[in-house]
Protein chains: 2
Amino acid sequence: MSKTFNIAVVGLGQIGSYLLNELNTKKKDIQNKTGKKINIVAISAKNKNKKRSFKINKKIFYSNPLEIIKKKKIDILFEAIGSSDGMSKKIVETALKNKVHVITPNKALISKHGDYLSKIAEKNNVNLEFEASVGGGIPILRTIKEGLATNKISKVYGILNGTSNYILSEMETTKDSFSNVLKKAQLLGYAEPVNPKLDLNGYDALAKVKILSSLAFNNKISSTNNLMEGIENIESKDFEIADQLNFKIKLLGITELINNRLFERVHPCLVKKNTYIGNVNGVMNAVILEGYPVGESVLQGEGAGPGPTSSALMSDLLSILRGNIKYPFGISDKKRNKIRIYDLNKSSNSLYIRLEVKDKPGVLSIITKQLAKYKISVQRLIQIPDHKKKTASIVIITHEANELNSKKCIKSFNVNKNILKNPVLIRLF
Amino acid sequence: MSKTFNIAVVGLGQIGSYLLNELNTKKKDIQNKTGKKINIVAISAKNKNKKRSFKINKKIFYSNPLEIIKKKKIDILFEAIGSSDGMSKKIVETALKNKVHVITPNKALISKHGDYLSKIAEKNNVNLEFEASVGGGIPILRTIKEGLATNKISKVYGILNGTSNYILSEMETTKDSFSNVLKKAQLLGYAEPVNPKLDLNGYDALAKVKILSSLAFNNKISSTNNLMEGIENIESKDFEIADQLNFKIKLLGITELINNRLFERVHPCLVKKNTYIGNVNGVMNAVILEGYPVGESVLQGEGAGPGPTSSALMSDLLSILRGNIKYPFGISDKKRNKIRIYDLNKSSNSLYIRLEVKDKPGVLSIITKQLAKYKISVQRLIQIPDHKKKTASIVIITHEANELNSKKCIKSFNVNKNILKNPVLIRLF
């Protein structure tokens, strides 16, 4: 007789309740593929009687998830609350310490407490799986940990936030404003209705970058937020100009080793129109890995929503049911290194800078003087006057410029009273 | 003390010797990731003294691989001979029966004897792993078996043969002939020097399609070769015309369920220029999966060569070292179905037909009459005369046409003495 695994699902929002339905409908399929039975013995959420898209069994409902660990014999716990601390952390910690396997899509939790939690998992000989935390339905973490396990990975980058990518794609095609497109994204369920900030300011993508780094380079999760910029300042005129210059605008997450130092970053990029990454549109996510001997690998798929997330959670479940205990980060905690952080100020990039200025004599000369002062040389300059408002947009594409100098230069623009708004800066990829 | 796994590598061609070098240089990395040690205790090839790109240890050399099983205690055997029968089959069979795990990149073997061999593996409780048989460095089989394990997959398609894709890409960009580009591919090591036929006639891609089907749909490997067409008849003028019509020419492998019947096929396709698949060039492979709930997933990577193949072989090794015995096809042999085959003759497609004809009055009318007879309606017709030769190329893009009718019609063209060559037929994707 095959063992039955007792399962608890904690958090019954969009993802938790979709997952619960999947678990119920796919019991037989799971048994066929693993030889193991599953039994959902406990569910938990704040509000028992909230309206949900799938029916729940109220007989196994707990309002305090910690009670589940005390009162029931659980083998596997799904955490789908989704915060970086609080009950999310508490229940995962408690479950692991009680030798319960944990599966979570929570990138905020893993990117903040992943090292600590994986140590507990390893000590208690249980799995902590978080495939769904990066790339939605794309099995990117499993691919790094297993499919490309012995490759030397040098760089991982891609489009990691579906909300931002949807907004950028829509702004490009509709020529509508950021705030209008954001409203549309919220209506369609692609952006959080109350506080969409974490998707738009780069925080969500950076959490994913940190998880990708730690798997690709076997390092402890870095705690520095060196370079995190979002898409909030991009205007539709930036798309028009980018288009003329044969570019698209994408929010990229990038991690790589430069002289054995870790360089993680999230910021909008100008990418060439005819590149692969320039053609990943809408809510799609895509990750590109450069490794040896495998070469370049690309994975693309739907990056958000309960369907793809559920697909990843279920793959974690099957991995556990198939019975192999694995290091959460693919390698024992003791073997994971702390990699020193690359000095951002030493990096350099070609830049797109857009300045909104008063259209009067001498302004351009002040700007070019400042650029020269900070050793930023101009590759291309476009001036677009707005005669009605007596203003002009000045767009500068620079040659490779040092980050620290660029920062100082932009700062000097910020205090110049002829420059009417904060400059828009987009790095060329 | 951790167990040491004894390893044998059988076949020391390009792939086998590259793998051997990888195994030797990555012992420590493997131990870090799995906690297990490996020891290469036997190697085998036909010729002990052949010049190889990597040095081999002649003290552990066997010219007959079957001797290894008799004389040594082996845990894992790599088969890298590469034929569908003969010693490839014999050594894999013998190893599995002696409870030795087997890892192979051999798609000819798996697509022909995979069902039989997986049954032996299951009975003896050992692994038979063949990640490297499809998609080179792309972990596509692991993705279906594990990453997307509980999805309902409806269609899998892609560019599965790097040699063909290289030749098509080169013909397109250089406008050179098939035979010249093939010679170049052979010089660069992208095509077999002696007999490149299996890569060019669709055989290799179809073997991969069969393996993909069996994993995606949990069916026994099909033995029908319903529709297998290669790229040998495509000429550079086809690329010119395709380009004008906004198409690219790609050799696609496709498998899908239509009304619960299995429809597997490999043939050249006209694909729209701006599609993802239309922009996968050179030796790249790409696979697209349509599944529920995950949506569309794309995986792309280098499809051939010892580096990517080795990467996949090593991922199989790590999977075994991590200690989980898995069904070779993701599900027990008893649970795998025989899916009935879709009747090719009932399928329909828009077609690109190119006819080389005598440029004289009445020819076009005969052709259009034949098309009408077989209920093939013309969407577009292009006539390109060659006044010197007194011939013309007639290109017809049809509306959706029934396969059986199309076949009959093409046959009638074959015997028409005004049509000078066998027609070129490319399906629209």
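The values are calculated or read from the model by the stated rules, or taken from the named source; none is laboratory data. Computed from a predicted structure; not experimentally measured. Reconstructed Cβ throughout: ideal geometry from the backbone, glycine too, with neighbour counts over all protein chains shown.
Give me the residue from the stretch A:110-134 that is charged (D, E, K, R) and farther than 20 Å from residue B:322 by Cα and, out of that set, farthest from the other protein chains (Cβ to nearest Cβ).
A:112
Could you tell me whether the stretch A:36-55 includes any residue that is modelled with pLDDT under 95, in contact with a helix residue (DSSP H, G or I) (Cβ under 9 Å, 6 or more places away or on another chain) and either of a type in the set (Asp, Glu) or at positive phi (or both)?
no
Can you list residue pairs whose Cβ atoms sit under 6 Å apart, with the first residue in the stretch A:303-318 being surrounded by 24 or more Cβ atoms within 10 Å (Cβ to Cβ) and the second being among the acidic types (Asp, Glu)? Count only pairs 6 or more apart in sequence or on different chains.
A:308/A:302; A:310/A:22; A:312/A:131; A:315/A:131; A:315/B:146; A:316/A:129; A:316/A:131
State yes or no: is residue B:374 within 30 Å of residue B:119 (Cα to Cα) and either of a type in the set (Ser, Thr, Tyr) or at pLDDT 95 or above (or both)?
no
Given the structure, is residue B:356 touching a strand residue (DSSP E or B) at 6+ places or on another chain (Cβ under 9 Å) and facing chain A (nearest Cβ under 9 Å)? Break it down into steps so the answer makes sense when it comes.
Details: touching a strand residue (DSSP E or B) at 6+ places or on another chain (Cβ under 9 Å): yes; facing chain A (nearest Cβ under 9 Å): no.
So residue B:356 fails the test.
I'd like the full set of residues that are touching an Asp or Glu at 6+ places or on another chain (Cβ under 9 Å) and farther than 21 Å from residue A:108 by Cβ, limited to the stretch A:64-75.
If the condition is that a residue be touching an Asp or Glu at 6+ places or on another chain (Cβ under 9 Å) and farther than 21 Å from residue A:108 by Cβ, then no residue fits.
Looking only at the stretch A:4-51, count how many residues are within 14 Å of chain B (Cβ to nearest Cβ) and among the aromatic types (Phe, Trp, Tyr).
1
Could we say that residue A:295 is on the phi < 0 side of the Ramachandran plot and not assigned by TED's automatic domain parsing to the domain that holds residue A:123 here?
Answer is no for this residue.
From the list B:392, B:372, pick out the single residue that is touching an Asp or Glu at 6+ places or on another chain (Cβ under 9 Å) and more than 14 Å from chain A (Cβ to nearest Cβ).
Numbers: B:372 fails: touching an Asp or Glu at 6+ places or on another chain (Cβ under 9 Å).
None of the other options fit; the residue is B:392.
What strands (runs of 3 or more DSSP E), lying completely within the stretch A:241-325, carry at least 2 residues that are under 18 Å from residue A:212 (Cα atoms) and within 14 Å of chain B (Cβ to nearest Cβ)?
Result: A:284-292, A:295-302.
Can you tell me which residue among B:165, B:180, B:233, B:218 is without any contact (Cβ under 8 Å) to a residue 40 or more places away in the chain and of a type outside the set (Lys, Arg)?
Step by step, each of B:165, B:180, B:233, B:218 is checked, and only B:180 is without any contact (Cβ under 8 Å) to a residue 40 or more places away in the chain and of a type outside the set (Lys, Arg).
Residue-by-condition table, conditions (1) among the hydrophobic types (A, V, I, L, M, F, W, C); (2) part of a loop (DSSP other than H, G, I, E, B); (3) outside the structural domain of residue A:222 (by TED's automatic domain parsing); (4) within 28 Å of residue A:134 (Cβ to Cβ):
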position	(1), (2), (3), (4)
A:330	no, yes, yes, yes
A:354	no, no, yes, no
A:357	yes, no, yes, no
A:366	yes, no, yes, no
A:389	no, yes, yes, no
A:407	no, no, yes, no
A:416	no, yes, yes, no
A:422	no, yes, yes, no
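Would you pick out the residues in the stretch B:326-352 that are at the interface with chain A (Cβ under 7 Å from one of its Cβ atoms) and either surrounded by 16 or more Cβ atoms within 10 Å (Cβ to Cβ) or among the acidic types (Asp, Glu) (or both)? Break it down into steps so the answer makes sense when it comes.
Of the stretch B:326-352, the ones at the interface with chain A (Cβ under 7 Å from one of its Cβ atoms) are B:326, B:330-331, B:335.
If the condition is that a residue be at the interface with chain A (Cβ under 7 Å from one of its Cβ atoms) and either surrounded by 16 or more Cβ atoms within 10 Å (Cβ to Cβ) or among the acidic types (Asp, Glu) (or both), then B:326, B:330, B:331 are the ones that fit.
Is the stretch B:36-56 home to any residue that is β-branched (Val, Ile, Thr), in the same structural domain as residue B:120 (by TED's automatic domain parsing) and touching a residue at least 60 places away in the same chain (Cβ under 8 Å)?
Taking every residue of the stretch B:36-56 in turn, at least one turns out to be β-branched (Val, Ile, Thr), in the same structural domain as residue B:120 (by TED's automatic domain parsing) and touching a residue at least 60 places away in the same chain (Cβ under 8 Å).
State whether the residues of the stretch B:393-400 include one that is surrounded by fewer than 17 Cβ atoms within 10 Å (Cβ to Cβ), in contact with a strand residue (DSSP E or B) (Cβ under 9 Å, 6 or more places away or on another chain) and modelled with pLDDT of 95 or more. Give the derivation first.
As a first pass, look at the stretch B:393-400 and keep what is surrounded by fewer than 17 Cβ atoms within 10 Å (Cβ to Cβ): B:399-400.
Still in the list and also in contact with a strand residue (DSSP E or B) (Cβ under 9 Å, 6 or more places away or on another chain): B:399-400.
Next, only the ones that are modelled with pLDDT of 95 or more stay: B:399-400.
For the stretch B:393-400, residues surrounded by fewer than 17 Cβ atoms within 10 Å (Cβ to Cβ), in contact with a strand residue (DSSP E or B) (Cβ under 9 Å, 6 or more places away or on another chain) and modelled with pLDDT of 95 or more: present.
Could you list, in sequence order, all residues of the stretch B:66-95 that are surrounded by 15 or more Cβ atoms within 10 Å (Cβ to Cβ) and closer than 30 Å to residue B:202 by Cβ? Spell out how you get there, then give the answer.
If we filter the stretch B:66-95 for residues that are surrounded by 15 or more Cβ atoms within 10 Å (Cβ to Cβ), which is where we start, we get B:66, B:68-69, B:74-82, B:84, B:87-89, B:91-95.
B:78, B:79, B:80, B:81, B:82, B:84, B:87, B:88, B:89, B:91, B:92, B:93 - these are the residues of the stretch B:66-95 that are surrounded by 15 or more Cβ atoms within 10 Å (Cβ to Cβ) and closer than 30 Å to residue B:202 by Cβ.
Among the numbered criteria (1) out of contact with any strand residue (DSSP E or B) (no Cβ under 8 Å at 6 or more places or on another chain); (2) touching a residue at least 40 places away in the same chain (Cβ under 8 Å), which single criterion is violated by residue B:79?
The one condition residue B:79 does not meet is (1).
Filter the stretch A:96-111 down to the residues that are surrounded by fewer than 19 Cβ atoms within 10 Å (Cβ to Cβ) and farther than 20 Å from residue A:67 by Cβ and list them by number.
Passing the criteria: only A:108.
The conditions are (1) surrounded by 13 or more Cβ atoms within 10 Å (Cβ to Cβ); (2) assigned to a loop (DSSP other than H, G, I, E, B), and residue B:382 fails exactly one of them. Which is it?
Among (1) surrounded by 13 or more Cβ atoms within 10 Å (Cβ to Cβ); (2) assigned to a loop (DSSP other than H, G, I, E, B), residue B:382 violates only (2).
Report yes if some residue within the stretch A:10-33 is assigned to a strand (DSSP E or B), closer than 22 Å to residue A:66 by Cβ and in contact with a Leu (Cβ under 7 Å, 6 or more places away or on another chain); otherwise report no.
The first filter runs over the stretch A:10-33 and keeps only residues assigned to a strand (DSSP E or B), leaving A:10.
Filter once more, so that each one left must be closer than 22 Å to residue A:66 by Cβ: A:10.
Those left that are additionally in contact with a Leu (Cβ under 7 Å, 6 or more places away or on another chain): A:10.
Scanning the stretch A:10-33, I find at least one residue that is assigned to a strand (DSSP E or B), closer than 22 Å to residue A:66 by Cβ and in contact with a Leu (Cβ under 7 Å, 6 or more places away or on another chain), so the answer is yes.
Filter the stretch A:135-162 for residues that are β-branched (Val, Ile, Thr) and more than 8 Å from every other protein chain (Cβ to nearest Cβ) and give the result.
Passing the criteria: A:140, A:144, A:153, A:156, A:159.
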